[in-house]
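Report on the following structure.
The values are calculated or read from the model by the stated rules, or taken from the named source; none is laboratory data. The structure displayed is predicted, hence computed values, not measured ones. Cβ coordinates were reconstructed from backbone atoms using ideal geometry, including for glycine residues, and neighbour counts include every protein chain displayed.
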Amino acid sequence: MRNIWLLLSLLGCWLVTEAQAGDIEGTVTEVESDTVQITTQSEMLPNVGDPVTVFFKIPGTDDEILVGSGRITAIRGDVISAKLEKAMGKPQKDQLVRITSEKPQSKTHYAPASPESEVPPAPHHFANDYAHLLKPETLARLNATLADYERQTSNQFLLAIFERLPASKDESAFALEAFRAWKPGLAGVNNGAILFVFVQNRTIRISVGRGLEQALPNDGCKHIISDIIAPAFKAGNFDGGVVDGMQAMMIAAKDAYHGNGRTHTEQMASPNHP
């Protein structure tokens with residue numbers, strides 16, 4: 001049995017406990033305030049929102065010191081971000097650490113999130129984060145906001161965040177294929193738009209249907225990306241960048257069309273629908 005030392009500085013004592021099944025080891029790559037980023041080569045990954053405990057591995061020994069506990073806030077490829085809500089020490093860059101997660105998932109669990117060979121099927125939600133970049137509450141808020149926006153305007157705006165582009169395509173080709181396959185907006189009106197984010201490629205793209213080209217012209221989309229989303233991303237504020245970018249898109253197109261109080265999905269589900 002491997003010894004794990006929990007440093008309880010307030011009590012002035014040491015305790016020994018056992019390793020748990022959900023162990024994931026990695027290296028600290030970034031520390032900012034109460035958030036730590038850990039790069040791992042483990043075949044298992046935690047889930048966003050999972051409670052976690054972080055331990056510092058003492059080099060050359062089997063001993064470990066408790067750093068703190070908190071929750072997973074994001075997963076981007078092999079990089080895990082955790083917010084420490086109860087910190088007993090501050091992790092340092094390049095430190096070896098171990099985190100415990102209650103229900104870790106195999107990396108294959110996340111495989112469908114990456115568009116490796118073809119465009120994935122049309123999503124069932126307005127906001128789709130296949131790379132686990134955003135907080136769950138941000139996604140929930142975006143889905144509610146985009147649904148209300150469609151009810152008011154009939155414009156259908158989607159968010160699609162991928163881990164990376166497929167090797168055989170650039171962002172323009174992939175976005176065009178996805179837009180044609182997913183067909184956002186009303187048939188015959190083509191009043192849909194999709195905000196694409198490819199995390200590892202550091203690429204952002206907005207695709208707009210013909211029905212919204214005047215409301216969201218190329219220059220307007222470039223402004224939203226370069227002046228609103230990109231600066232927030234560079235500052236590490238992914239949630240804020242996406243939310244503000246989507247908000248700018250919605251404001252620009254809010255008067256282009258008028259809705260009937262229901263989304264397209266709600267209309268199709270109505271018993272009175274022809």
Do we have any residue at all in segment 165-175 that's surrounded by fewer than 21 Cβ atoms within 10 Å (Cβ to Cβ), closer than 26 Å to Pro46 by Cβ and polar (S, T, N, Q)?
no
Just one of (1) at pLDDT below 75; (2) on the phi > 0 side of the Ramachandran plot; (3) not basic (Lys, Arg) trips up Ser33, so point out which.
(1)
Counting only residues that are among the hydrophobic types (A, V, I, L, M, F, W, C) and part of a loop (DSSP other than H, G, I, E, B), which one in segment 40-79 is nearest to Asp94 (Cα to Cα)?
Ile58
Within segment 47-70, count every residue that is modelled with pLDDT of 75 or more and within 29 Å of the chain's Cα centre (by Cα).
11
State whether the residues of segment 80-87 include one that is closer than 25 Å to Glu137 by Cβ, out of contact with any helix residue (DSSP H, G or I) (no Cβ under 6 Å at 6 or more places or on another chain) and at pLDDT below 75.
yes
Just checking, which of Leu134, Leu142, Leu158, Leu146 is in a loop (DSSP other than H, G, I, E, B) and modelled with pLDDT of 80 or more?
Leu134
Could you tell me how many of the residues in segment 170-210 are over 22 Å from His132 (Cβ atoms) and either assigned to a helix (DSSP H, G or I) or in contact (Cβ under 8 Å) with a residue 24 or more places away in the chain (or both)?
18
